[in-house]
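Following: one structure in structure tokens, then a few remarks.
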Amino acid sequence: MNAARPDRIAVYGAYGHTGRFVLDELRRRGFVPVACGRDAAKLAALVEATGVETRVADVDDPAALDAAFAGTAAVLLCAGPFMDTSAPVLDAALRARIHYLDVAAEQRAVADTLARDAEARAAGVTVLPAMAFYGGLADLLASAALDGASDADAVDIAVALDGWHPTRGTRITGERNRHPRSYIEHGRTLHLPDPAPVRTTDFPVPFGRQETVLLTLSEAVLVPHHVACRNLHAWMNLAPLRDLRDPATPAPVATDDRGRSAQRFMVDVRVRRGAHHGRATASGRDIYAVTAPLLAEALQRILDGRVRGCGALAAGQAFDARDFLAALAPSGVAVALEAVTVAEAAASSS
């Protein structure tokens, strides 16, 4: 590792919607963020609004990235599309021998990052992709429900949102990301069919029964990275997808002094391993805002040694999942763990 101060953290894409939440969360926890990005004008506006230190660097300029990350202990990548940004930012982090975390939802970008485990180990750093609402949260829930087991007969992930006002970055990523999405069925990794299967899923209150579609994101890469899954499916309710596909849907609107929107979410993960049936759920407010405490909690645990070694890791592989999830309570994330009977598990998939 370099001789960086452990409290100085580079945030690439700090002026974006998620990046602003991350800056606030880092400062709340006592870190000193260094705001980095491609747009000098947006960084100047950020200085005026927040007073943070800023450094301009384009992802296509390795020397500028090296200068931007100098003297920091880690870089948090919040700027997508991640199929464009993750590789060059990770390259710079490995050159500097600093930790790297991102919030990617794209399966291809996450798989490419995890494939660099040997380089991360050689550099003595932790590389943690998809440490966000999409990806890391479901992976932690699956790990908690499996109670540390490294294999599963089935992992079933269901996401419910009461609406989705996407950011510009979300829309651009959706337009650019044309790589096939994968899931696992009977031990085989398959690509999502078109049209994708639809089913009825019973969520806990307040969502209840919802029509859901098979839609896998980065969790379908993270979970199999450290859990041998015979079956892995991920579902999302249809209403927010209609919002996402409607070009007239506005961007998120802040409804509190923390900048969070009124959006509510639930992630419901059910696992089966032999006779063991487990369930873990997380609910809260604003999928963009909740990414900040997820990312900052992971960073804090890496820096204070509560991480299971170095290398390219998934969230549930890197941390004690149950302890990590419990630490999210002050951020308004309610987590519930329970055993599920065979009959209940069968009924939820009907």
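The values are calculated or read from the model by the stated rules, or taken from the named source; none is laboratory data. Note that the structure is predicted; figures quoted are calculated from it, not measured. All Cβ positions, glycine included, derive from the backbone under ideal geometry; neighbour counts span all protein chains shown.
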Open item on the list: Step by step: first the residues of segment 69-99, then only those that are in contact with a Gly (Cβ under 7 Å, 6 or more places away or on another chain) and assigned to a loop (DSSP other than H, G, I, E, B), then the one that is surrounded by the fewest Cβ atoms within 10 Å (Cβ to Cβ). Which residue is that?
Closed with: R97
Open item on the list: What pairs come out if I take residues in segment 181-204 that are closer than 21 Å to A111 by Cβ and in contact (Cβ under 8 Å) with a residue 40 or more places away in the chain and pair them with residues that are among the β-branched types (V, I, T) and in a strand (DSSP E or B) whose C-beta lies under 7 Å away, six or more apart or interchain?
Closed with: S182/T189
- [ ] Give the residues of segment 185-209 that are buried (at least 20 other Cβ atoms within 10 Å of the Cβ) and not in a loop (DSSP other than H, G, I, E, B), sorted by residue number.
- [x] T201
Open item on the list: Six or more apart or on different chains, Cβ atoms under 8 Å: show the pairs whose first residue is in segment 99-124 and in contact (Cβ under 8 Å) with a residue 24 or more places away in the chain and whose second is among the basic types (K, R).
Closed with: Q107/R181; A123/R97; G124/R97
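Answer yes or no as to whether A228 is modelled with pLDDT of 95 or more, within 21 Å of the chain's Cα centre (by Cα), within 13 Å of Y134 (Cβ to Cβ) and assigned by TED's automatic domain parsing to the domain that holds R178. Working first, answer last.
Values: modelled with pLDDT of 95 or more: yes; within 21 Å of the chain's Cα centre (by Cα): yes; within 13 Å of Y134 (Cβ to Cβ): no; assigned by TED's automatic domain parsing to the domain that holds R178: yes.
No, not satisfied.
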Open item on the list: Taking the condition of being over 27 Å from G13 (Cβ atoms) and either of a type in the set (S, T, Y) or surrounded by fewer than 20 Cβ atoms within 10 Å (Cβ to Cβ) (or both), how many residues in segment 149-183 meet it?
Closed with: 6
TODO: Can you tell me which residue within segment 1-31, out of those that are surrounded by fewer than 15 Cβ atoms within 10 Å (Cβ to Cβ) and of a type in the set (A, V, I, L, M), is farthest from the chain's Cα centre (by Cα)?
DONE: A3
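Among the residues of segment 207-224, are any farther than 27 Å from D112 by Cα and polar (S, T, N, Q)? Lay out the reasoning, then the answer.
Start the filter on segment 207-224 by keeping residues that are farther than 27 Å from D112 by Cα, which leaves 207-212.
Remaining after also requiring polar (S, T, N, Q): 210, 212.
Checking segment 207-224: at least one residue is farther than 27 Å from D112 by Cα and polar (S, T, N, Q).
Applying the selection to segment 102-152, what residues are over 28 Å from G278 (Cα atoms) and hydroxyl-bearing (S, T, Y)?
Quick first cut of segment 102-152, residues over 28 Å from G278 (Cα atoms) only: 102, 108-109, 112-113, 115-127.
Across segment 102-152, the qualifying residues are T113, T126.
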TODO: Could you please tell me which pairs satisfy a Cβ distance under 7 Å, a separation of 6+ or placement on different chains, a first residue in segment 56-70 that is in the same structural domain as A14 (by TED's automatic domain parsing), and a second residue that is assigned to a loop (DSSP other than H, G, I, E, B) and among the acidic types (D, E)?
DONE: A64/D58
Open item on the list: Return the residues of segment 71-115 that are of a type in the set (S, T, Y) and closer than 24 Å to G305 by Cα; say none if nothing qualifies.
Closed with: T72, Y100, T113
